[in-house]
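Engineer: Below is one structure. I have some questions about it.
Just so it is clear, none of the values below were taken in a lab; they were calculated from the coordinates. These numbers come from a predicted model, not from an experiment. So basically every Cβ, Gly included, is an ideal-geometry build from the backbone, and we count neighbours across all protein chains shown.
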Amino acid sequence: MTPERPPILPPLAGITLAVLAWLLLALVAPEAHAGVAPHIALALAALLPSVVLLIAMIVTQSSTRALTGAIDPLAGTDSAFLRTNQRVITNTIEQLSVFVPAYLALAAGAPAARMAPIVALAWVFALARLAFWIGYLAGTRLRAPGMAATFAVNLATLISAIWVWLA
């Protein structure tokens, strides 16, 4: 029996929505003052939605454990929800470990006039992680748009940061 190929449309939809969200958010993002410190301050503030989302994931996990009595994650009694939510938390931390250094490097090296699109990147990252979380909880294949959007944001941020520092 041949394994089923993953569909291409959900990841493409995720990437397309991420690009559209970025373009829209770049229009309303605040501008930065000249200098590295204001850039880093603005970039750190723009990371707050991702931090709030991660805390929401952790609180959801902890409260579900408390409510269901599945306190010991090593006991093998975790529900599908707990296992899935833990994978979302783990993957979000992994994605943040790529995004945050690249994002801060990009913000530090970018001219002030380019900070609005950079701030928008942080918001799109958070929205992509939210889509991943909701999609994964709804069904394994439904995580694809959020994962693809996250990958696109991470890749664009990393390439842009490298470009800024090499130029």
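Engineer: Full extension from residue 163 to residue 86: what is 0.36 nm times the residue separation minus their Cα-Cα distance, to one decimal in nm? Working shown, then result.
Structural biologist: Numbers: separation 77, 0.36 × 77 = 27.72 nm, distance 3.46 nm.
The span from residue 163 to residue 86 would gain 24.3 nm if fully extended.
Engineer: Please compute the modelled spin-label separation between residue 134 and residue 63, points set 7 Å along Cα→Cβ, answer in nm with one decimal.
Structural biologist: Inter-label distance under the simple model: 1.8 nm.
Engineer: Next question, about the same structure. Note down the nm distance, to one decimal, between modelled labels 7 Å out along Cα→Cβ at residue 52 and at residue 9.
Structural biologist: For the pair residue 52/residue 9, the computed spacing is 3.3 nm.
Engineer: Another question, then. Can you compute 3J(HN,Hα) from phi for each residue in segment 100-116, using the Karplus curve 6.51 cos²θ - 1.76 cosθ + 1.60 with θ = phi - 60°, rounded to whole Hz and x for Gly and Pro?
Structural biologist: After applying 6.51 cos²θ - 1.76 cosθ + 1.60, I find 4, x, 5, 5, 5, 5, 4, 4, 5, x, 8, x, 4, 5, 9, 6, 4 Hz.
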